[in-house]
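Here's the structure, in structure tokens; my notes come after.
The values are calculated or read from the model by the stated rules, or taken from the named source; none is laboratory data. Fair warning: this is a prediction, and the values are worked out from it, not measured in the lab. Backbone-built Cβ (ideal geometry, glycine too); neighbour counts: all protein chains shown. In case anyone asks, the SASA skips ligands and DNA or RNA and just uses the protein heavy atoms, side chains included. Shrake-Rupley method; radii C 1.70, N 1.55, O 1.52, S 1.80 Å.
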Amino acid sequence: MKITKSARLLLTVAWFAAIYSSPAFAASAEDLLAEINKLPASERQKRLEEGAKKEGALTVYSNQGLDTIRAYSEGFAKKYPFVKVDSTRLQGAKGMERMLLEHRIGKLQADVVGVDFDNITELLKGGVLGRYDSPEKKAYPSQFWDKDGRWYVTDYTLVVIGYNSKLVNPAEAPKSYADLLNPKWKNDISIDTEPEQAVFVWLLDWGEAKTVEYMKALMRNGAVPRRGHTLQVQLLCSGETKIAVEVYPARIAQMKHEKGCPIEMVFPNPTPGSLGSHSGIAKSAAHPHAAALYLDYILSAEGATALAKNGGLPARKGVKGAYEEVSNLDEKGIRMILVGPDKMPVVKDKGYKLIEEIIIRKQIQ
């Protein structure tokens with residue numbers, strides 16, 4: 001069969017079109033978003049929404065609490081009803097390992113991924129995250145976003161000393177970590193089996209020798225390890241324990257105001273904490289326009305307000321926590337030390353080793 005020049009030309013055009021429209025030759029998510037970011041703000045937003053309408057879907061892997069994930073998904077869906085959001089909660093090292101495995105075999109399902117402060121470095125090393133410069137970052141202190149745009153943090157966590165105000169006279173309640181070593185509290189103290197934030201900050205602020213001696217003294221005073229920070233608050237509320245070494249202040253405030261629990265909190269000096277969930281857009285994102293809109297949303301004032309309503313501590317400037325006890329902490333003179341990925345090489349291995357030896361295995365002599 002004789003093929004005319006015109007037919008050959010059409011076949012050639014079709015072949016090139018097929019090749020260059022394939023995933024291998026498609027512009028990466030970060031390249032596409034970098035071009036869109038060059039546009040004026042209104043045009044940029046319009047382009048993102050038009051692209052998201054065509055994509056119609058978004059997949060999120062997040063390590064945050066279920067209430068926060070739900071609040072973000074519902075708020076985003078209300079703002080952008082043309083995008084169907086599918087969110088999955090993946091926690092800790094296991095969640096991070098799943099993300100890395102899917103990425104390595106070229107089957108990462110998520111467009112947006114979020115991990116803890118102590119796992120973000122692994123995602124960066126694995127090449128999972130692409131660059132994206134969100135305009136919302138200007139409302140956050142610089143420690144809450146990566147200078148290359150690979151991750152953003154909307155919140156932070158703190159741990160405080162909590163106590164049952166019916167069982168412990170507020171005038172006599174421990175005001176510092178040293179007070180927890182008083183023999184009168186022997187066997188009345190609870191500590192989580194995973195107190196990383198406290199231990200990491202103790203190492204940074206006190207040094208290793210003082211941290212080791214303090215942890216051993218605390219355990220010798222009868223501190224009882226129990227798993228789950230929420231459980232610690234519930235036990236305080238019920239009176240099954242009098243004092244907890246390190247619990248989340250927003251949860252204390254929530255249980256106090258919404259459930260009527262007789263519990264109070266003390267912000268020790270320093271008050272340990274960490275940067276919250278580190279979220280970024282996957283390099284392989286199949287829905288980059290929707291992913292950018294989602295990241296902008298959780299970083300926005302609207303997203304920060306949704307976070308606060310669900311017990312989170314928003315890092316966005318000008319947005320308060322849901323309760324007065326956890327709002328304007330800087331103005332109240334609370335000295336906080338927040339651990340982020342930059343400090344992890346210094347404290348991670350050492351901190352986990354001490355937790356295993358002293359808290360779990362009770363090597364306290």
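Of note:
- Taking only protein heavy atoms and a 1.4 Å probe, the accessible area of the range 112-193 is 50% carbon and sulfur.
- For Met336, the amide hydrogen comes within under 5 Å of the amide hydrogens of Thr271, counting only partners 5 or more places away or on other chains and with H modelled in the peptide plane.
- Charge-dipole axis of the chain as Lys and Arg at +1 and Asp and Glu at -1 on Cβ define it, positive-most pick from Leu39, Val247, Ile189: Leu39
- Between 0 and 90°, nearest 10: helix 344-354 axis offset from the chain longest Cα axis: 50 degrees
- Rounded to 10°, Cα long-axis angle of helix 249-259 versus longest principal axis of the chain: 80 degrees
- Compared with the rule-of-thumb size 2.2 N^0.38 Å for a compact globular protein, the range 312-364 has a Cα radius of gyration ratio of 1.64.
- With at most 16 neighbouring Cβ atoms within 10 Å, loop chymotrypsin sites (Phe, Trp or Tyr not before Pro) (DSSP) excluded, longest segment of the chain: 83-365
- The shape of the range 206-365 comes out oblate: with a ≥ b ≥ c from the C-alpha gyration tensor, a/c is at least 1.5 while a/b does not beat b/c.
- Of the beta bridges in the chain, as assigned by DSSP with both residues counted there, near 55 percent are antiparallel.
- Computed helical MRE - 222 nm, the chain, DSSP H runs ≥ 4 contributing -39500 (n - 2.57), nearest 500: -12500 deg cm²/dmol
- Hull volume in cubic angstrom per residue (convex hull over the Cα atoms of the range 25-90): 110 Å³
- With Cα atoms, 0 to 90° folded angle of helix 288-299 axis to the chain main axis: 30 degrees
- Part-to-part distance (alpha-carbon centres) for the range 159-179 and the range 321-355, which is given in Å: 20 Å
- Check: the range 256-365 dipole with +1 on Lys, Arg Cβ and -1 on Asp, Glu Cβ, in debye: 280 debye
- Placing one equal scatterer on every Cα of the range 151-235 and applying the Debye formula, the log10 ratio I(q)/I(0) at q = 0.11, 0.14 Å⁻¹ is -0.34, -0.54.
- Taking the range 166-286 as the region of interest, the number of lysine pairs whose Cα atoms are within less than 26 Å, with members eight or more places apart or on different chains, is 25.
- The range 187-292 - convex hull of alpha carbons, volume per residue in Å³: 153 Å³
- The P(r) of the range 130-198 has a tail past 16 Å containing 63 percent of all C-alpha pairs.
- Normalised per residue, the accessible area of the chain is 49 Å², obtained with a 1.4 Å probe and no contribution from ligands, DNA or RNA.
- The range 30-175 - convex hull of alpha carbons, volume per residue in Å³: 170 Å³
- The share of accessible area on the range 210-281 that comes from carbon and sulfur is 45 percent, using a 1.4 angstrom probe.
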